[in-house]
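Student: Handing you a structure now.
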Amino acid sequence: MSPHDRAHGAAPSVPDPLPLPVVDNHCHLDIVRDDTSDAVGPGGAPGGTGAATSTERIADALATAAGVGVDRVVQIGCELESAQFTVAEVDRHPGMLGGVAIHPNEAATLGARGELADALAEIERLVDHPRVRVVGETGLDYFRTGEDGRAAQIESFRWHIDLAKRTGLALQIHDRDAHDDVLRILDEEGAPEKTVLHCFSGDMAMARECVERGYHLSFSGTVTFKSAQGLRDALAVTPLENLLVETDAPYLTPTPWRGSTNSPYLVPLTVRAMASTLSTDVTALCRALSDNAERLYGPW
Ligand SMILES: [Zn+2]
């Protein structure tokens, strides 16, 4: 079967297990994908959240992942409904911690409707749950939101930064085509002690700036894409202690399954690609990825 056939065929096969367990730092197990584009994401994505979610389906996904050494995940709920769902599910799965926020694209939508303040008040209530250890994903998305939505995004981003600082939780940032403003706003507000750039998409210079500030960089399946040499260059200058790995499932499926539905059990493909870029042995990388996540989020 050619890689092209695979991308549009059956579910990706289960990779070889990792030598040590790791954490999927960012996934959306509530979202059931109904398209094959990897350009979409939460915050207005087609498909969205809702009817098809089930505790059993998630338990299955977590069991398959644990079988290949991905025994812990951070489930991100970044619209009101999925944040509420996340808080309910984290009590049902010992391998799952949660993160809640209003996604930047959703912040723009809610802002236009005059509903942002109420939504943020609900996030503040949900973040109180002891198994919610992340404020996120928040940040800026200049790819999907135009000029008219930026003020609401920025207001929402600043609010989430403050929430992370007040709660002592880690902040997970979504940054799409907004690198300079993300770094500037973090500098202006004063970044939380635990700051993570989810699905890092910057270049080598940005990676260095983030590391200098003590931020963590979470790499997704995009780092395995043939076209992503710039991202691999960024990874190559990031110290092990600043690294995390994630799926952003159900999106951003690693090579050779790009275009298929992503799930935490595919993390080993990304970890092995990272180890090869870093010229590091896979075991040492797994240990760092696990230790970093436990340091940021606490024990599962
Ligand atoms: Zn995400």
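The values are calculated or read from the model by the stated rules, or taken from the named source; none is laboratory data. Here the structure is a predicted model, which is why all the values come from computation and not from measurement. A quick note on method: Cβ atoms are made from the backbone with ideal geometry, for glycine too, and the neighbour counts reach across all protein chains shown. Note: areas computed on protein heavy atoms with side chains; ligands, DNA, RNA excluded. Shrake-Rupley method; radii C 1.70, N 1.55, O 1.52, S 1.80 Å.
Student: Which one of Thr261, Thr270, Thr255, Thr283 is in a helix (DSSP H, G or I) and either within 14 Å of the ligand (Cβ to nearest atom) or open to solvent by 10 Å² or more (accessible area, probe 1.4 Å) (or both)? Don't jump to the end; show me each part of the working.
Tutor: On the way: Thr261 fails: in a helix (DSSP H, G or I); Thr270 fails: either within 14 Å of the ligand (Cβ to nearest atom) or open to solvent by 10 Å² or more (accessible area, probe 1.4 Å) (or both); Thr255 fails: in a helix (DSSP H, G or I).
Of the residues listed, the single one that is in a helix (DSSP H, G or I) and either within 14 Å of the ligand (Cβ to nearest atom) or open to solvent by 10 Å² or more (accessible area, probe 1.4 Å) (or both) is Thr283.
Student: Continuing with the same structure: Of Thr138, Thr145, which residue is farther than 29 Å from Leu278 by Cα and either surrounded by 20 or more Cβ atoms within 10 Å (Cβ to Cβ) or touching a residue at least 40 places away in the same chain (Cβ under 8 Å) (or both)?
Tutor: After applying the criteria, what remains is Thr145.
Student: For region 1-107, which fully contained helices (runs of 4 or more DSSP H) count at least 2 residues that are of a type in the set (Gly, Ala, Ser) and modelled with pLDDT of 95 or more?
Tutor: Because the criterion is at least 2 residues that are of a type in the set (Gly, Ala, Ser) and modelled with pLDDT of 95 or more, the helices (runs of 4 or more DSSP H) in region 1-107 that meet it are 55-67, 80-89.
Student: Could you check, for region 165-178, whether at least one of its residues is more than 18 Å from the chain's Cα centre (by Cα) and either farther than 24 Å from Ala107 by Cα or acidic (Asp, Glu) (or both)?
Tutor: No, because not a single residue in region 165-178 is more than 18 Å from the chain's Cα centre (by Cα) and either farther than 24 Å from Ala107 by Cα or acidic (Asp, Glu) (or both).
Student: I'd like to verify a number: residues in region 186-233 that are loosely packed, with under 13 Cβ neighbours inside 10 Å, of a type in the set (S, T, N, Q) and in a loop (DSSP other than H, G, I, E, B), how many?
Tutor: Here the count works out to 1.
Student: Of a type in the set (A, V, I, L, M, F, W, C), assigned to a helix (DSSP H, G or I) and out of contact with any Asp or Glu (no Cβ under 8 Å at 6 or more places or on another chain) - does that describe any residue in region 153-163?
Tutor: Pass one, region 153-163, residues of a type in the set (A, V, I, L, M, F, W, C): 154, 157, 159, 161, 163.
Adding the requirement that they be assigned to a helix (DSSP H, G or I) leaves 154, 157, 159, 161, 163.
Narrowing further to those that are out of contact with any Asp or Glu (no Cβ under 8 Å at 6 or more places or on another chain): 157, 159.
Checked against the condition, which is being of a type in the set (A, V, I, L, M, F, W, C), assigned to a helix (DSSP H, G or I) and out of contact with any Asp or Glu (no Cβ under 8 Å at 6 or more places or on another chain), region 153-163 yields at least one hit.
Student: Just give me the residues in region 234-250 being part of a loop (DSSP other than H, G, I, E, B), under 19 Å from Asp24 (Cα atoms) and open to solvent by 20 Å² or more (accessible area, probe 1.4 Å), in sequence order.
Tutor: Pro239
Student: Can you say whether Gly190 is more than 16 Å from the ligand (Cβ to nearest atom), in contact (Cβ under 8 Å) with a residue 24 or more places away in the chain and closer than 15 Å to Ala164 by Cα, as far as the supplied structure shows?
Tutor: Yes, satisfied.
Student: Tally time: how many residues in region 164-180 are part of a loop (DSSP other than H, G, I, E, B) and crowded, with 18+ Cβ neighbours inside 10 Å?
Tutor: Result for region 164-180: 2.
Student: Step by step: first the residues of region 233-253, then only those that are over 22 Å from Tyr265 (Cα atoms) and of a type outside the set (A, V, I, L, M), then the one that is nearest to the chain's Cα centre (by Cα). Which residue is that?
Tutor: Among residues in region 233-253 that are over 22 Å from Tyr265 (Cα atoms) and of a type outside the set (A, V, I, L, M), the one nearest to the chain's Cα centre (by Cα) is Asn242.
Student: Does region 108-126 include one or more residues that are at pLDDT 95 or above, part of a helix (DSSP H, G or I), open to solvent by 50 Å² or more (accessible area, probe 1.4 Å) and basic (Lys, Arg)?
Tutor: Within region 108-126 (the criterion being at pLDDT 95 or above, part of a helix (DSSP H, G or I), open to solvent by 50 Å² or more (accessible area, probe 1.4 Å) and basic (Lys, Arg)), the answer is yes, since at least one residue qualifies.
Student: Which is at negative phi and in contact (Cβ under 8 Å) with a residue 60 or more places away in the chain, of His160, His174, His179?
Tutor: One residue alone meets the criteria, His174.
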